[in-house]
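I have placed the structure first, in the form of structure tokens, so that the comments after it can refer back to it.
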Amino acid sequence: MRQSRHWSATCWSGSATRSTTNLTPARCSATAALETVRRHHGTSFVIDHAAKPRIAGGSWDAGWEKALEPFGDKPNVACKLSGLVTEADWKSWTPEQLAPYVQRVLDWFGPERCMFGSDWPVCLLAADYARVMDSLQQFVGPDEWIFGNTARRVYRLADPEP
């Protein structure tokens, strides 16, 4: 099978018996990752960095779309909205360039299966933490699922103290 930029040879660090496993696009073939998700329906999976769409290229990343879309049908898969600013041009990106990718992920997964991730400190190559946060909030507002509830559910974290 030909490997794409989005997904390559091995799927995860850790084992499928853990309660949550991250799928790292640069290390996973989409076919292998999808088969793993199907075989381990009792395990929660999180796709890191929205599977790293090629935003810097300027045109829509159809390969990214083809690779990621099937995961949207899997209830045990969540998607982390992180690392997008470093997939865009580091010096000239705009929030509007991220918007279609964020929207597509939300269409596939819904806010209940999406979570914010800053990708700090790597994001500092393209933006500070505040700009990363502000850019996503321009499109999703202060969504409680994206900015907390999904991560608490998927990673089985306690609710914050009042």
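Quick one: how many residues across the stretch 121-131 are within 15 Å of Glu96 (Cβ to Cβ) and in contact with a helix residue (DSSP H, G or I) (Cβ under 8 Å, 6 or more places away or on another chain)?
Residues flagged as within 15 Å of Glu96 (Cβ to Cβ) and in contact with a helix residue (DSSP H, G or I) (Cβ under 8 Å, 6 or more places away or on another chain) within the stretch 121-131 amount to 1.
Just name the residue that is farthest from Ala50 (Cα to Cα) out of those in the stretch 130-162 that are among the aromatic types (Phe, Trp, Tyr) and at pLDDT below 95.
Only one residue fits best here, namely Tyr155.
So is Ala126 modelled with pLDDT of 95 or more, among the small types (Gly, Ala, Ser), in contact with a Ser or Thr (Cβ under 6 Å, 6 or more places away or on another chain) and on the phi < 0 side of the Ramachandran plot or not?
So Ala126 passes the test.
Among the numbered criteria (1) under 14 Å from the mean Cα position of the chain (by Cα); (2) surrounded by 15 or more Cβ atoms within 10 Å (Cβ to Cβ); (3) at pLDDT 95 or above, which one does Gln97 miss?
(1)
Conditions first: (1) at pLDDT below 85; (2) not hydrophobic (A, V, I, L, M, F, W, C); (3) not in a helix (DSSP H, G or I). Thr31 passes all but one, so which condition is the exception?
(3)
Being closer than 18 Å to Gly110 by Cβ and either buried (at least 21 other Cβ atoms within 10 Å of the Cβ) or among the hydroxyl-bearing types (Ser, Thr, Tyr) (or both) is the filter here; which residues of the stretch 47-72 pass it?
Result: Ile47, Ala50, Ala51, Leu68, Phe71.
Return the residues of the stretch 113-141 that are exposed (fewer than 15 other Cβ atoms within 10 Å of the Cβ) and acidic (Asp, Glu); say none if nothing qualifies.
Residues satisfying the conditions are Asp128, Asp134.
Would you point out which residue out of Ala67, Ala78, Ala56 is in contact (Cβ under 8 Å) with a residue 12 or more places away in the chain and in contact with an Asp or Glu (Cβ under 6 Å, 6 or more places away or on another chain)?
Of the residues listed, the single one that is in contact (Cβ under 8 Å) with a residue 12 or more places away in the chain and in contact with an Asp or Glu (Cβ under 6 Å, 6 or more places away or on another chain) is Ala56.
The values are calculated or read from the model by the stated rules, or taken from the named source; none is laboratory data. Everything quoted here is computed from the prediction, not taken from an experiment. No Cβ is skipped: glycine too gets one built from the backbone with ideal geometry, and neighbour counts run over all protein chains shown.
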